[in-house]
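The next block holds one structure in the form of structure tokens; read it before the comments.
No lab work stands behind these numbers, since they all come straight from the coordinates. None of these values were measured; they are calculated from a predicted model. Ideal geometry is used to build each Cβ from the backbone, glycine not excepted, and the neighbour counts take in all protein chains shown.
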Amino acid sequence: MQTVGTPLLWGIFSVIVITMIIIDLKLKSTGRTGSMGVKQAAIWSLIWVCVSLAFATGLWFYLRHLSGSALASAQTLNFLTGYLLEKALAVDNVFVWLMLFSAFAIPPALQQRVLIYGVLGAIVLRTIMIFAGSWLVNEFSWILYIFGAFLVITGIKMFMSKSDHDNPEDGRLLQGIKKRLRVTEQLEGERFFVVRQGIRYATPLLLALIMVELSDVIFAVDSIPAIFAVTTDPFIVLTSNLFAILGLRAMYFLLAGVAEKFSLLQYGLAVILTFIGVKMLLIDVWHIPTTISLSVIAVILISTLAINHWLNIRKKI
């Protein structure tokens, strides 16, 4: 697989990711209430974005020194486009987590524990899926057409559906899990399992964690093919994807109180997925430059949020 990722770049990236994970775990252990306030979440969300932009800057300088400005600019732009795309799609994932925690009545003090495991699971899962996807694209280039068609269909379905988030309590998957596990009626603090009279029981907190992990599998199926429309370089795909994921816990608590104000976001994301799918289907007919892709994604997101804000104001009048 062709990649700009040298051993030095992979090493630097690994150190940054491990450091960020340790910091995130430290944030959890030092919280007084077990929950992150909106102000703290906003600050840390900004810090994660700044770290990502700093990495992009360092990547540009390194590649310019190694291969020249043209390659450095192209690959850095691919990283930023992939990062923005994954960050936008991650917002929808956050809204699903909000719905899951509400359905399972998980208090904020316990949501942190589930989110930590959820993000760690997402990192491992997406790393495996990205390398598998890179291998498939490298061996079977025509699979990009399948990815493209899948994204177009997904985007259209998301746009046409009234709500992309069904009640998890009514899901067949959850009912199937409950049939295979003994589950307590109430939460047992931070414990995922309890033993009663020698019998091991799962708690609703474990069910919430399982559903959080499964939701990321579902979203990864959408987001990972989408980023391959930007670049097939496994280093750029993985770095942009993981940097977008690492700040999800802070983003969750930032958006927790304002989720209802983003009711149109689903439609904006649907248009983005459809656009990316069409781009992949036209890859051999018309190559859409990365600058245009980045601009389109940004315009769609800004327009969606602006229209949503205007409608929210109208409702208050």
Name the residue, out of R249, R180, R191, whose mean-square fluctuation peaks in a Gaussian network model built on the chain with Cα pairs under 10 Å. R180
Longer than 31 Å from Cα to Cα, which of K178/K279; K39/K315; K26/K315 are they? Say none if no pair is. K178/K279; K26/K315
Residues with amide H under 5 Å from that of V183, placed H, sequence gap 5 or more: A202
Which residue, chosen from T76, S134, L100, occupies the Cα position most advanced towards the positive end of the dipole of the chain, where the dipole is computed from +1 (Lys, Arg) and -1 (Asp, Glu) charges on Cβ about the Cα centre? L100
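For Y145 and V299, what is the calculated FRET efficiency with R₀ set at 22 Å and r taken between the beta-carbons, to the nearest 0.05?
Details: r = 26 Å, r/R0 = 1.18.
Approximately 0.25, to the nearest 0.05.
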Relative contact order, percent, of segment 1-126 when contacts are C-alpha pairs under 8 Å separated by at least 6 residues? 28 percent
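What is the sum of charges, Lys and Arg at +1 and Asp and Glu at -1, for the other residues whose Cβ falls under 10 Å from the Cβ of L205?
Working: positive: R113, R191; negative: E188, E190.
Every neighbour counted, the sum reads 0.
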Just how large is the dipole of segment 172-250 about the Cα centre, in debye to the nearest 20, putting +1 at every Lys and Arg Cβ and -1 at every Asp and Glu Cβ? 580 debye
Taking every C-alpha to C-alpha distance in segment 1-135 and binning by 5 Å from 0, the per-bin percentages run 2, 8, 13, 20, 20, 14, 10, 7, 4, 1, 0
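Roughly how big is the chain's charge dipole about its Cα centre, with Cβ charges of +1 (Lys, Arg) and -1 (Asp, Glu), in debye to the nearest 20? If you can, show how the numbers build up before the last one.
Values: 24 positive and 17 negative charges, 175 e Å.
Dipole magnitude for the chain comes out near 840 debye.
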What residues have an amide H closer than 5 Å to that of E188, excluding those fewer than 5 places away on the same chain, when H is modeled at 1.01 Å from N in the peptide plane? L205
Let me test this: with uniform point scatterers at the alpha carbons of the chain, what is the Debye-based log₁₀ I(q)/I(0) at q = 0.10, 0.12, 0.15 1/Å? -0.61, -0.87, -1.31
In a Gaussian network model of the chain with springs linking alpha carbons closer than 10 Å, the residue among A226, A88, A132 that fluctuates most is A132
Sites E188 and K261 - FRET efficiency at Förster radius 41 Å, r taken between beta-carbons, to 0.05: 0.75
Distance histogram for segment 239-300 (every C-alpha pair counted, 5 angstrom bins, percent rounded to whole numbers): 4, 14, 16, 20, 22, 12, 7, 4, 1
Pseudo-spin-label distance V285 to R180, built 7 Å along Cα→Cβ, given in nm, is 4.3 nm
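In the chain, which whole DSSP H runs stretch at least 20 Å along their own axis (Cα) and average -0.5 or higher on the Kyte-Doolittle scale? Spell out each step's value before the answer.
Working: long enough: 7-30 (34 Å, 1.59); 38-67 (43 Å, 1.11); 69-103 (51 Å, 1.04); 108-139 (46 Å, 1.07); 143-160 (26 Å, 2.06); 204-227 (34 Å, 1.85); 265-281 (24 Å, 1.70); 290-316 (39 Å, 0.97).
Going by DSSP H runs, the hits are 7-30, 38-67, 69-103, 108-139, 143-160, 204-227, 265-281, 290-316.
Is it possible to state the helix-based mean residue ellipticity at 222 nm for the chain, with each DSSP H run of 4+ residues giving -39500 (n - 2.57), the sum divided by total residues, to the nearest 500 deg cm²/dmol? What is it? Write down the numbers at each step before the final one.
Working: 11 runs with 237 residues, N = 317.
Taken over the chain, the calculation gives -26000 deg cm²/dmol.
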